[in-house]
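The values are calculated or read from the model by the stated rules, or taken from the named source; none is laboratory data. What you are looking at is a predicted structure, and each value in this text was computed from that prediction instead of being measured. Every residue, glycine as well, gets a Cβ built from its backbone with ideal geometry; the counts of neighbours run over all protein chains shown.
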Amino acid sequence: MPRLWLVIHLGDSHLWGICFSLGKKAHIWRLPKGLMNGVAKVGGWLHLPLNPERLRKLTEDYVASNAKIKAALGVDRMPVDAREGLRRTLESFKD
């Protein structure tokens, strides 16, 4: 099966991760920060996909609020929470 590389920003009232939605355990690699920064610097010099800017984006926390869209729609809760919506979407790709 080909790998799809997507950046998806989902809004919900809860913090969670994609691995949680898939029912899988996250694989966390414990690598020294200095090593990763060094690899990213070399990648920047050689114009490789991993550079300091991309490393920063991959490792930062991102929290978004859906308060504006809920206020615009006049609802307290979204009709389907993001976790369930993502689960349904991923299930639809299995066929």
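So which residues in segment 21-60 are modelled with pLDDT of 80 or more and assigned to a loop (DSSP other than H, G, I, E, B), if there are any at all? Show your work before the answer.
Taking segment 21-60 first, the residues modelled with pLDDT of 80 or more are 30-59.
Once the filter is applied, which keeps residues that are modelled with pLDDT of 80 or more and assigned to a loop (DSSP other than H, G, I, E, B), segment 21-60 yields Arg30, Leu31, Pro32, Leu46, His47, Leu48, Pro49, Leu50, Asn51.
Please go through segment 27-45 and give me each residue that is more than 16 Å from the chain's Cα centre (by Cα) and loosely packed, with under 10 Cβ neighbours inside 10 Å, ordered by number. Full working, then the answer.
At the first step, the residues of segment 27-45 found to be more than 16 Å from the chain's Cα centre (by Cα) are 29-45.
Once the filter is applied, which keeps residues that are more than 16 Å from the chain's Cα centre (by Cα) and loosely packed, with under 10 Cβ neighbours inside 10 Å, segment 27-45 yields Trp29, Arg30, Leu31, Pro32, Lys33, Gly34, Leu35, Trp45.
Taking segment 53-79 as the search range and keeping residues that are free of Cβ contacts under 8 Å to residues at least 24 places away in the same chain and surrounded by 12 or more Cβ atoms within 10 Å (Cβ to Cβ), which one is farthest from Leu31 (Cα to Cα)? Break it down stepwise before answering.
Quick first cut of segment 53-79, residues free of Cβ contacts under 8 Å to residues at least 24 places away in the same chain only: 53-61, 67-68, 70-76, 79.
Next cut, surrounded by 12 or more Cβ atoms within 10 Å (Cβ to Cβ) only: 54-55, 70.
Details: Arg54: 17, Leu55: 13, Lys70: 40 Å.
So, considering only residues that are free of Cβ contacts under 8 Å to residues at least 24 places away in the same chain and surrounded by 12 or more Cβ atoms within 10 Å (Cβ to Cβ), the one farthest from Leu31 (Cα to Cα) is Lys70.
Of the numbered conditions (1) assigned to a helix (DSSP H, G or I); (2) of a type in the set (Asp, Glu); (3) modelled with pLDDT of 85 or more, Asp76 fails exactly one; give the number of that condition.
(1)
Report whether or not Pro52 is more than 24 Å from Gly23 (Cα to Cα) and of a type outside the set (Gly, Ala, Ser).
Values: more than 24 Å from Gly23 (Cα to Cα): yes; of a type outside the set (Gly, Ala, Ser): yes.
Judged against the criteria, Pro52 is a match.
Answer yes or no as to whether Ile18 is surrounded by 13 or more Cβ atoms within 10 Å (Cβ to Cβ), hydrophobic (A, V, I, L, M, F, W, C) and at pLDDT below 80.
Numbers: surrounded by 13 or more Cβ atoms within 10 Å (Cβ to Cβ): yes; hydrophobic (A, V, I, L, M, F, W, C): yes; at pLDDT below 80: yes.
When the stated conditions are applied, Ile18 passes them.
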